[in-house]
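What follows is one structure encoded as structure tokens, with my remarks underneath.
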Amino acid sequence: MFDKIKNIFKKEETFSCVIFDGKMMKYMDLTQKQIDEIKNDAKYKDWTIQKKEEC
């Protein structure tokens with residue numbers, strides 16, 4: 001029970017990213033889970049994402 005409550009307040013690490021969706025470039029802070037979703041989901045097939053530290 002205590003671990004579940006503790007996980008609610010646990011902050012996930014975010015990464016500064018540049019996202020290009022084919023029309024607009026956006027600068028966002030995303031978690032690794034969100035980055036993986038954009039890279040692997042078919043509805044984001046034309047999107048490119050680059051972490052700031054990879055630039």
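We did not get these values from a lab; they are worked out from the coordinates using the rules stated. The structure displayed is predicted, hence computed values, not measured ones. All Cβ positions, glycine included, derive from the backbone under ideal geometry; neighbour counts span all protein chains shown.
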**Prompt:** Can you name the number of the only condition in (1) without any contact (Cβ under 8 Å) to a residue 12 or more places away in the chain; (2) surrounded by 11 or more Cβ atoms within 10 Å (Cβ to Cβ) that Trp47 fails?
**Reply:** (1)
**Request:** With respect to Glu53, determine if the residue is in a helix (DSSP H, G or I) and under 14 Å from the mean Cα position of the chain (by Cα).
**Result:** yes
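Tally time: how many residues in region 31-49 are in contact with a helix residue (DSSP H, G or I) (Cβ under 8 Å, 6 or more places away or on another chain) and either aromatic (Phe, Trp, Tyr) or under 13 Å from Thr14 (Cα atoms) (or both)?
Taking region 31-49 first, the residues in contact with a helix residue (DSSP H, G or I) (Cβ under 8 Å, 6 or more places away or on another chain) are 37-38, 44, 47, 49.
With either aromatic (Phe, Trp, Tyr) or under 13 Å from Thr14 (Cα atoms) (or both) added as a condition, the list becomes 44, 47.
Residues that pass the stated criteria total 2.
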**Complete:** Restricted to region 2-35 and to residues being under 14 Å from the mean Cα position of the chain (by Cα) and in a helix (DSSP H, G or I), the residue surrounded by the fewest Cβ atoms within 10 Å (Cβ to Cβ) is Lys33
